[in-house]
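Bear in mind these aren't lab numbers, they're just calculated from the coordinates by the rules spelled out. Because the structure is a prediction, the values reported are computed rather than measured. Heads up, the Cβs are rebuilt from the backbone with ideal geometry, glycines too, and the neighbour counts pull from every protein chain shown.
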Amino acid sequence: MINSKNCTVTIYIGETAKYKSEDKGKIKTLSVGEYGEGISVPWPFTYENSKKIYNDVTVTISDKQYKVPSYKGKMIHQYPQDILCHELVGHAAPKVLGRDTGYAIENENKVWKELNYPLRKNNEKDKE
């Protein structure tokens with residue numbers, strides 16, 4: 001669990017993620033496998049200066065690998081720790097700290113570049 005004065009990011013390993021929907025606060029369940037073996041979901045949120053601020057984010061990853069395309073056209077095996085990196089820098093941090101690039105994979109590639117890992121091909125659908 002990561003705590004700050006404004007938010008908490010909680011990390012789970014599992015096959016499903018639960019979250020409170022904006023539709024009357026109903027609890028819904030998502031299959032982590034349908035989201036690339038990792039998902040970040042906001043919990044309570046507030047509005048500050050007309051901007052939605054997430055107070056807490058729950059990150060759930062599975063213990064499975066996932067393949068993603070690289071810029072060079074090859075497939076990259078992503079392990080749970082790689083998927084966790086994507087969820088934290090690409091989704092959880094921007095939700096609680098504010099937007100960065102706008103795209104989760106661009107944020108993830110910043111980490112991979114520093115570690116000299118193959119860079120992922122951007123996916124327009126994978127926004128912060």
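Observations on the model:
- Sorting the segments 60-68, 115-123 by their mean number of nearby beta carbons within 10 angstrom, highest to lowest, gives 60-68, 115-123.
- The label point for Ser21 and the one for Glu34, both projected 7 Å from the Cα toward the Cβ, are 1.1 nm apart.
- Order by protection proxy (mean Cβ within 10 Å, highest first), peptides 83-90, 18-25: 83-90, 18-25
- Centre separation in Å (Cα based) which lies between the stretch 89-128 and the stretch 16-36: 22
- Label zone of Ile13 (point 7 Å out along Cα→Cβ, amide N under 17 Å): in the stretch 70-99 this covers 78-88.
- Highest average first, the peptides 102-111, 71-80 ordered by how many other beta carbon atoms sit within 10 Å of their residues are 102-111, 71-80.
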